[in-house]
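Below: the structure, in structure tokens.
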Amino acid sequence: MRSDWVAATVRAKAMARRRAGAGLCREAAAQPSLDQALEVLSSTSYAADLAGATDLAAAQDATRRSVLWQLRVLAGWVPVSGARMVHAAGAAFELVNILLLARRLAESADQPAGQLGDQDSAGDLHRSVPLPEYFELGGLATAWPRLSAAGSTAELAELLRTSPWGDPGSPDTMPDTLTAVWLRRLAAAVPQARSWAVAEAALLAARRILVSPATGTSTVPEIPERLGMLLQPLIGGTWSTADDVASFRAALPAAAAPVLDGVEEPTGLWRAEAALQARVEEDAFRLLRSGLPGPDTAVGAVAVLAVDAWRMRAALAAASAGGGSEVLDAVA
């Protein structure tokens with residue numbers, strides 16, 4: 001038994017018990033409106049965060065903030081040996097902040113003086129979905145306090161290059177590049193999550209080379225050198241010349257290929273993404289049932305809460321669209 005993990009283990013198990021659960025999420029998803037779904041969820045631990053949500057984007061953002069808060073609380077209970085693990089998990093929220101800042105800076109550069117914040121990147125007045133506020137990272141921040149001071153996209157890129165995130169690449173590759181950096185960090189700091197990081201890396205690569213962001217049609221684009229190098233330790237590199245799902249799956253290492261089981265066309269990648277969430281949850285419950293105090297329980301709790309929040313977002317989106325969720329049905 002690892003006595004220094006006793007308090008964190010007790011706290012982690014208590015946090016996991018506060019999840020909404022698959023059943024309640026399906027009930028919320030079946031509602032014909034967002035307001036009715038929020039009413040269904042009003043008795044959950046998410047209620048306080050959801051209370052001020054007036055639209056789908058705000059409600060979904062609230063689920064992420066709820067998970068971040070629980071992670072910050074857990075960070076106060078884990079021993080020193082668990083700090084690297086918790087910070088690696090928290091880096092997912094720092095990544096969101098960085099991409100949000102990059103978007104704001106890019107839009108500001110495209111807008112005339114006096115109209116900042118009123119237009120989107122296409123120049124349309126009064127953005128239909130306001131950008132969310134930055135996540136409050138507290139002690140989980142890695143480079144955000146320094147990065148947040150950037151006043152232009154060029155300055156942000158330079159600050160990133162001298163931070164643990166490294167070279168972000170071009171603006172259009174930044175999300176994938178920084179996501180790959182995070183997956184590498186997660187796999188290194190949290191051995192229990194390595195298989196999840198490998199699977200997510202495979203899906204990132206599949207989206208990059210099998211689906212055109214502009215049209216949704218199959219394509220074989222060139223993979224940026226840095227992105228390929230970042231993904232190499234997780235999924236190798238022979239997949240970069242694949243031109244369909246079958247050849248892509250065949251090029252993946254054995255540990256990564258199963259994430260595409262049952263997927264025949266790029267349009268079915270969403271099913272693989274949903275199946276991965278179900279797999280992470282199953283693994284996480286197994287970790288939660290660990291008999292002795294230790295990091296397994298903490299990792300399991302964080303993963304269970306993350307998947308629960310993902311289900312919540314899918315349920316809220318379904319209710320906002322009139323009820324019923326093919327995504328949740330796929331992981332039922």
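Summary of computed values
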quantity: Per residue, in Å², the accessible surface of the stretch 179-305 once ligands and nucleic acids are set aside, probe 1.4 Å; calculated: 44 Å²
quantity: Förster radius 25 Å - calculated FRET efficiency between Ser163 and Ser81, Cβ distance, rounded to 0.05; calculated: 0.55
quantity: Cα gyration tensor, the stretch 243-324 - rounded (a/c under 1.5), prolate or oblate; calculated: oblate
quantity: The chain, dipole about Cα centre (Lys/Arg Cβ +1, Asp/Glu Cβ -1), debye to the nearest 20; calculated: 1440 debye
quantity: Helix-only mean residue ellipticity at 222 nm for the chain, each DSSP H run of n ≥ 4 adding -39500 (n - 2.57), per residue, nearest 500; calculated: -18500 deg cm²/dmol
quantity: Gaussian network model of the chain, Cα within-10 Å springs - most flexible of Arg72, Arg18, Arg311; calculated: Arg18
quantity: The stretch 1-82 shape via C-alpha gyration tensor axes, a/c threshold 1.5; calculated: prolate
quantity: GluC sites (Glu not before Pro) restricted to the stretch 132-194 and DSSP loop, no more than 16 other C-beta within 10 Å; calculated: Glu133, Glu136
quantity: Carbon + sulfur, % of accessible area of the stretch 10-112 - ligands and nucleic acids excluded, 1.4 Å; calculated: 54 percent
quantity: Distribution of pairwise C-alpha distances over the chain, 20 Å bins, in %; calculated: 28, 62, 10, 0
quantity: Per-pair calculated FRET efficiency, R0 = 25 Å: Asp172 and Glu265 via Cβ, rounded to 0.05; calculated: 0.55
quantity: Rounded percent of accessible protein surface that carbon and sulfur make up, the stretch 138-278, 1.4 Å probe; calculated: 56 percent
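The values are calculated or read from the model by the stated rules, or taken from the named source; none is laboratory data. Worth saying up front: this structure is predicted, and the values here are computed from it rather than measured. Cβ atoms come from the backbone with ideal geometry, glycine included; neighbour counts cover every protein chain shown. Keep in mind that these areas ignore ligands, DNA and RNA; they rest on the heavy atoms of the full protein, side chains included. Shrake-Rupley method; radii C 1.70, N 1.55, O 1.52, S 1.80 Å.
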